[in-house]
Amino acid sequence: MTSTNPILDLDRVREIFDLAGSYLVWTGGKYRDDPYPLWHDLRQRAPVQPGVVHQLMGVTDDIGFHGLPEPDREHFSAFSWAACDAAYRDPETFASSPEPVDVESGQATITNSLLSMGGAQHRRYRALVQPSFGPARARWWIENWIDQTVHALIDCFEAQGRAELNVEFCAAIPVLTITGSFGVPVDQALDIRETVSRQPDALIEIIKPIVAARREHPQNDLISVLTHSEVSDEEGATHRLSDAEIYSFSLLLLAAGSGTTWKQMGIALTAMLSRPEVLAAVAADRNLLRPAIEETMRWMPTDPMFSRWLAQDAELEGQHLPKGSVLHMCIGAANRDPARWDRPDEYDISRPLKPTFGFGGGPHVCLGQHVARAEMTVGINALLDRLPGLRLDPDAEPPTFGGLYERGATAIPVVFG
């Protein structure tokens, strides 16, 4: 099908946001089995054990993700809630990177950013942007970018009586939201997503003139927050962020902002559309949407594994972890630990709300979690408001879930009206 969407080239969106395509195949995008039975078996075998998650599952493909491949280090994997929780709560032992981040190096990379910082350095730099991503600022994101994006996308297919929500809706919302907050024109939004991890230098060239312009004339957007923020060093002296520091921030925020929420929203919609009684209940009582979204992130987090590096020898759930080794926290398994949840494999929006690892944990809990929740909430509410009778297309292949270290839904064909 050729794209006719005036906002984005949907053929290009379909290529970039294909889990099994060239952009995501490295993280296990071709994996189509249900990993949860294997993770249950591994958790029962031992909460923490030597090995890498996908190799312990019997997957022999060459797969990479956070903390992988690093072939010269010892690798361990944690599958229980208690083990992952203990690691998240001890960032001094379970560090977010193998080496300290040198912000004075002048290197602009995703890893030379909040993602890899620890301790006081992480707290200082996170404090610069935390207010822009806090729950009190959700309305700022909604009014400036999310709401108009959501409704402009629905305008493109509302009259057709059918849509493919994964590409035409879920994938487009976060990429347009985060690039809009950086002042990037819509016609460059997909360039950002395509280059953010593969060609960071190309992305920097896109945002370089925007950074320069915002230094001179700040506006009501995220890039202006970065260009006019001051950070303190260990001696207490303050300085404005350098261009390299802003570029590193930008690489991280643009990669995370455009690459995770689309998958989680697709999982949420698939979970509800596949259970018409749940969708009907949410449509009738929108107070149920929040627990439906929270249950989705417990039941199937889009990134089910993150890693930490051992800064010193440690014991975790009976397993010795030597200094310098890598611990892979399988939060997908931890989020279905029967020691914490009854009937953990069931998708049940009536569960009492309790914290999950859907957005990670500890000091590095997802910075954009409230923006992601706002995108999913506004998006799903708008679909229910504007598309009466929303349901899966009975004449199309129903959506399924795929991917290993980045999980998401396949095409979500729907009809309405």
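We did not get these values from a lab; they are worked out from the coordinates using the rules stated. Model, not experiment: these values are computed from the prediction. Quick reminder, even Gly has a Cβ in these numbers, built from the backbone with ideal geometry, and neighbours come from all protein chains shown.
One table, with the values for the structure above:
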{"item": "Count - residues of the stretch 328-371 that are surrounded by fewer than 20 Cβ atoms within 10 Å (Cβ to Cβ) and hydroxyl-bearing (Ser, Thr, Tyr)", "result": "2"}
{"item": "Count of the stretch 34-78 residues which are in contact with a strand residue (DSSP E or B) (Cβ under 9 Å, 6 or more places away or on another chain) and assigned to a loop (DSSP other than H, G, I, E, B)", "result": "12"}
{"item": "Test for Leu190: is it in contact with a Lys or Arg (Cβ under 8 Å, 6 or more places away or on another chain) and either surrounded by 20 or more Cβ atoms within 10 Å (Cβ to Cβ) or farther than 26 Å from Val25 by Cα (or both)", "result": "yes"}
{"item": "Top-ranked residue of the stretch 17-33 - restricted to ones that are assigned to a loop (DSSP other than H, G, I, E, B) and among the aliphatic types (A, V, I, L, M), ranked as nearest to Ala171 (Cα to Cα)", "result": "Leu19"}
{"item": "Pair list, Cβ < 7 Å and 6+ apart or interchain, from the stretch 200-221 residues that are at negative phi and free of Cβ contacts under 8 Å to residues at least 24 places away in the same chain to residues that are surrounded by 11 or more Cβ atoms within 10 Å (Cβ to Cβ) and part of a helix (DSSP H, G or I)", "result": "Ala202/Thr195; Ile206/Gln188; Ile206/Asp191; Ile206/Ile192; Arg215/Thr227; Pro218/Ser224; Pro218/Thr227"}
{"item": "Checklist (1) within 30 Å of Glu70 (Cβ to Cβ); (2) touching a Ser or Thr at 6+ places or on another chain (Cβ under 6 Å) applied to Ala271, failing item", "result": "(1)"}
{"item": "Yes/no for Val184 being over 25 Å from His122 (Cα atoms) and among the aliphatic types (A, V, I, L, M)", "result": "yes"}
{"item": "1 or more residues under 23 Å from Asp155 (Cβ atoms) and not polar (S, T, N, Q): qualifying helices (runs of 4 or more DSSP H) within the stretch 172-242", "result": "172-181, 189-195"}
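Yes/no matrix, rows are residues, columns are (1) closer than 30 Å to Ala409 by Cα; (2) among the basic types (Lys, Arg):
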| residue | (1), (2) |
| --- | --- |
| Pro174 | yes, no |
| Arg198 | yes, yes |
| Asp221 | no, no |
| Val225 | no, no |
| Ser229 | no, no |
| Glu235 | no, no |
| Tyr247 | no, no |
